[in-house]
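A.B. asks: This is the structure I have questions about; it appears just below.
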Amino acid sequence: MNNFNRLDLNLLITLDVLLAERNVTRAAERLNLSQPSVSVQLAKLREAFADPLLVPAQRGMRPTARADELREPLREALESLGRAVAPTKPFDPAVATTTWRVAAADYAESAILLPALAGLRKAAPNTRLAVVEAVPSRMARQLEHGEIDLFFHTSVGAPAGLHRRVLFNERYVLAGRVGHPRLKRRPTLAQFCAMEHVVVSMSGGGFVGPTDDALAQMGLARRVALSVPHFLFMMSVLAETDMVAMLPERLARGAPGLRVVEAPLEVPGYEMAMLWHERRHRDAGHRWVREWIAGSCGG
């Protein structure tokens with residue numbers, strides 16, 4: 001219809017009531033309007049549709065053929081619009097069937113998702129959780145396009161414009177295998193630098209990290225013998241060799257086969273954050289799962 005832009009929602013609501021009542025007076029009462037106001041709106045509708053829509057009959061008014069064609073599509077459209085603008089229903093985890101998609105490296109899987117998982121399955125048994133590879137360079141795009149719901153990353157390096165909730169502050173400790181001859185007590189700085197170290201390089205192949213930056217400020221360096229892309233392999237290396245590593249404390253404490261001691265130097269820790277896009281910020285289910293995860297890891 002060429003005159004669609006001349007119709008506002010109030011006119012369409014009036015038309016729906018007029019087609020139901022077939023009487024201007026009764027329609028005005030239902031709409032809580034004056035009869036002249038409804039008559040004016042009917043005149044605008046007739047002009048817009050280029051059709052009388054309602055014509056005088058023996059009792060009240062009779063719809064034209066065009067009005068009969070409009071009745072059901074108009075009612076369905078108004079009902080759909082009503083559902084669209086209705087208040088959001090509260091999220092009920094007990095019956096929800098949501099699938100959440102989150103991006104996490106293996107550290108975040110262990111430190112954030114694992115503590116939340118058992119309780120999440122109990123509270124929301126019909127939901128599903130998909131954990132996908134965390135690729136920081138894709139973070140902003142994936143969140144914006146709805147490919148993932150949450151991304152777990154350090155606060156440093158997180159793109160601007162995303163919502164962020166700090167879950168906890170992490171610190172580094174020194175770890176090696178149980179029975180490691182150099183970890184019976186806290187090593188000296190010289191002993192620390194002489195040991196063979198393994199590092200995790202998320203970007204792949206790097207041999208330098210925050211520990212090396214801290215050592216460099218003192219004019220020192222350590223022996224980094226191995227670089228791996230994942231913490232899981234690092235943990236196996238530590239358990240099977242005499243290599244050591246500076247590990248996030250949440251990952252190292254309680255890990256089977258590992259001995260954990262304080263390092264002989266202070267290495268700056270980091271904030272671990274949960275990130276999400278504005279498009280999901282007010283979604284009831286999204287808010288619920290964010291709160292659950294944050295509560296599970298003390299954030």
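A.B. asks: Take residues that are free of Cβ contacts under 8 Å to residues at least 24 places away in the same chain and tell me which of the helices (runs of 4 or more DSSP H) falling wholly in the range 180-299 contain 3 or more.
C.D. replies: Fully inside the range 180-299 and qualifying: 210-216, 231-240.
A.B. asks: Quick test for you: out of N169, N126, pick the one residue that is of a type in the set (S, T, N, Q), in a strand (DSSP E or B) and either touching a residue at least 12 places away in the same chain (Cβ under 8 Å) or within 21 Å of G295 (Cβ to Cβ) (or both).
C.D. replies: N169
A.B. asks: Let me ask you something else. Given (1) open to solvent by 40 Å² or more (accessible area, probe 1.4 Å); (2) touching a Leu at 6+ places or on another chain (Cβ under 6 Å), where does S203 come up short, assuming only one miss?
C.D. replies: Every listed condition holds for S203 apart from (2).
A.B. asks: Taking R250 as the residue in question, decide whether it is among the basic types (K, R), in contact with a helix residue (DSSP H, G or I) (Cβ under 6 Å, 6 or more places away or on another chain), over 20 Å from S110 (Cα atoms) and open to solvent by 20 Å² or more (accessible area, probe 1.4 Å).
C.D. replies: no
A.B. asks: Shifting gears a bit: Look at V17 and say whether it is free of Cβ contacts under 8 Å to residues at least 60 places away in the same chain, among the β-branched types (V, I, T) and part of a helix (DSSP H, G or I).
C.D. replies: On the way: free of Cβ contacts under 8 Å to residues at least 60 places away in the same chain: yes; among the β-branched types (V, I, T): yes; part of a helix (DSSP H, G or I): yes.
Judged against the criteria, V17 is a match.
A.B. asks: Now for a separate question. Only one of G157, G161 is closer than 23 Å to E109 by Cα, assigned to a loop (DSSP other than H, G, I, E, B) and either within 30 Å of the chain's Cα centre (by Cα) or not β-branched (V, I, T) (or both). Can you tell me which?
C.D. replies: G157
A.B. asks: Within the range 70-93, identify whether any single residue is among the charged types (D, E, K, R) and touching a Leu at 6+ places or on another chain (Cβ under 8 Å), and answer yes or no.
C.D. replies: Yes, some residue in the range 70-93 is among the charged types (D, E, K, R) and touching a Leu at 6+ places or on another chain (Cβ under 8 Å).
The values are calculated or read from the model by the stated rules, or taken from the named source; none is laboratory data. Keep in mind it's a predicted model, so treat the numbers as computed, not measured. Every residue, glycine as well, gets a Cβ built from its backbone with ideal geometry; the counts of neighbours run over all protein chains shown. In case anyone asks, the SASA skips ligands and DNA or RNA and just uses the protein heavy atoms, side chains included. Shrake-Rupley method; radii C 1.70, N 1.55, O 1.52, S 1.80 Å.
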